Amino acid sequence: MIDFFPQEHIHISKKKVFGLCDSPTSSEEPAFLSENNGKEWIAVVHNYRQESISFVPIDHCVELLKEDGSMDNRCDCCLFHHTTIIFVELKQRGMKGSKWIKQGEKQLRSTISHFEREEQAQLFDLKKAYIANSSKPLFRSSQAVRMQRFFNETGYSLRIENRIKDL
């Protein structure tokens, strides 16, 4: 059994707007929630009703192992509120073309695959995934086929943008 919600790593925000960050200086540090410094935010969460939104870092906090015992791909974090869960991959770099999207999708698919094998997955009715890139914040409509395929294969709605609004 994998615990995707380790209590020691859960952070809660009721702020109207807060950010999701990943350390640009260390690849070994987990993603974190920030309520103050908008400069370091990769994804911006809009919590219009100011409800309690829970945040959990996944990469560097939750072990997802392949059958051979090596570490599997993991997305950076997830948000959850009532029966909604959102897995998020944070990107800070401007990779050429859509390489960052392909890499983010691979990390999300792996994390979701592990999560869906756990009983905890049954607690959520609305399931989403985001690939957020601070260097390329605008949604790319040319990814519609990719997003539909992702939904068909995982049951999760995929968005490629850095604004998370529908919690």
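The values are calculated or read from the model by the stated rules, or taken from the named source; none is laboratory data. Quantities reported herein were computed from a predicted structural model and do not represent experimental measurements. Reconstructed Cβ throughout: ideal geometry from the backbone, glycine too, with neighbour counts over all protein chains shown.
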Conditions (1) of a type in the set (Gly, Ala, Ser); (2) within 21 Å of LYS91 (Cα to Cα); (3) surrounded by 12 or more Cβ atoms within 10 Å (Cβ to Cβ) -> SER13 fails only (2)
Please verify whether VAL17 is more than 24 Å from PHE115 (Cα to Cα), at pLDDT 95 or above, of a type in the set (Val, Ile, Thr) and out of contact with any Pro (no Cβ under 7 Å at 6 or more places or on another chain), treating the condition exactly as stated. yes
Among LEU158, LEU138, the single one that is modelled with pLDDT of 90 or more, within 21 Å of LYS91 (Cα to Cα) and aliphatic (A, V, I, L, M) is LEU158
Practice prompt. Answer yes if at least one residue in region 45-55 is surrounded by 12 or more Cβ atoms within 10 Å (Cβ to Cβ), touching a helix residue (DSSP H, G or I) at 6+ places or on another chain (Cβ under 9 Å) and β-branched (Val, Ile, Thr), and no otherwise.
Written response: no
Within region 2-42, residues within 16 Å of the chain's Cα centre (by Cα), part of a strand (DSSP E or B) and hydrophobic (A, V, I, L, M, F, W, C) come out as ILE12, PHE18, LEU20, CYS21, PHE32, LEU33
Note on region 84-98: residues among the polar types (S, T, N, Q) and at pLDDT below 95 are GLN92, SER98
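Which residues, counting only those in region 59-109, are of a type in the set (Lys, Arg), surrounded by 15 or more Cβ atoms within 10 Å (Cβ to Cβ) and either free of Cβ contacts under 8 Å to residues at least 24 places away in the same chain or assigned to a helix (DSSP H, G or I) (or both)?
ARG109
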Cβ pairs under 7 Å, 6+ apart or interchain, first in region 11-23 and farther than 13 Å from SER54 by Cβ and without any contact (Cβ under 8 Å) to a residue 60 or more places away in the chain, second assigned to a loop (DSSP other than H, G, I, E, B) and of a type in the set (Ser, Thr, Tyr), ordered by first then second residue, are LYS16/TYR48
